[in-house]
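Novice: Here it is, the structure in full.
Nothing in this text is a laboratory measurement; each read-out follows from the coordinates by a stated rule. Here the structure is a predicted model, which means the values were calculated and not measured. Neighbour counts run over all protein chains shown; Cβ positions are idealised from the backbone, glycine included.
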Amino acid sequence: MEPPFIWVNLKGRDPQGIVSKKDYNVVREQIIDSLRSARDPETGEKIVDLALKREEAAKYGLNGPRIGDVVYFLRPPYGVFDGILDSLDASSLSSKEYAKPITYDTKRFFGAHAYYTPDTIFGDFSVSVPLIISGKGIKEGFTLDKIINLTDIAPTLSHLLHIPMPKQAQGNIIYDALM
């Protein structure tokens, strides 16, 4: 259920893959078109805020080998889970749960950050959080008006501490905030 990724069953990469490499991009475009055209049957509102290919998702902090072939972000108040967070085991869901339509009135709205773009606002709430840093090498009183990703923190701290960046680090140094 989380994160909002879709994997294409690709020949040569996935066991029992059925999509050829020559059809891979066509299939991804079809999935993206379907996500972009998904509408609430009662209101006609779009359900998906953004759908893109995995290589386009890096600007949202999503990159690396565990990212799906297609990445999508929902538009509030739509969600992909309506239940108790402790019961995310899909094998325990009843056939009634699987028979639900693509959209329906949920009992709870979690606002889980992984389903939404970083600038999404839910009434008085948002999925973003402030980053407040201070110290040697940081511009005093500086406010950065662009969204940064959590993956940018380790490279930035490594840079400030003059230590090697972790091998698995995927983010960028937040140079705008540095002196």
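Novice: Between ASP40 and ASN25, how many nm apart are label points set 7 Å from Cα along the C-beta direction?
Specialist: The two pseudo-label positions are separated by 3.6 nm.
Novice: How far is it, in nm, from the label point at ILE147 to the one at SER94 when both lie 7 Å from their Cα along the line to the Cβ?
Specialist: 3.7 nm
Novice: Next question. Give a residue-ordered list of calculated ³J(HN,Hα) values for segment 160-172 (Karplus: 6.51 cos²θ - 1.76 cosθ + 1.60, θ = phi - 60°; whole Hz; x for Gly, Pro).
Specialist: Values per residue, Gly and Pro as x: 5, 8, 6, 10, x, 5, x, 4, 8, 4, 10, x, 10 Hz.
Novice: Further, regarding this structure: Under the 0.36 nm per residue contour assumption, what length would be gained going from the current alpha-carbon distance of ARG13 and MET165 to full extension?
Specialist: Working: separation 152, 0.36 × 152 = 54.72 nm, distance 2.99 nm.
So the chain would gain 51.7 nm between ARG13 and MET165.
Novice: With a point put 7 Å past each Cα toward its Cβ, work out how far LYS136 is from LEU178 in nm, to one decimal.
Specialist: That separation, rounded to one decimal, is 1.5 nm.
Novice: Sticking with this structure for a sec: Where does each of 127-138, 47-58 land if you order them by average Cβ count within 10 Å, highest first?
Specialist: 47-58, 127-138
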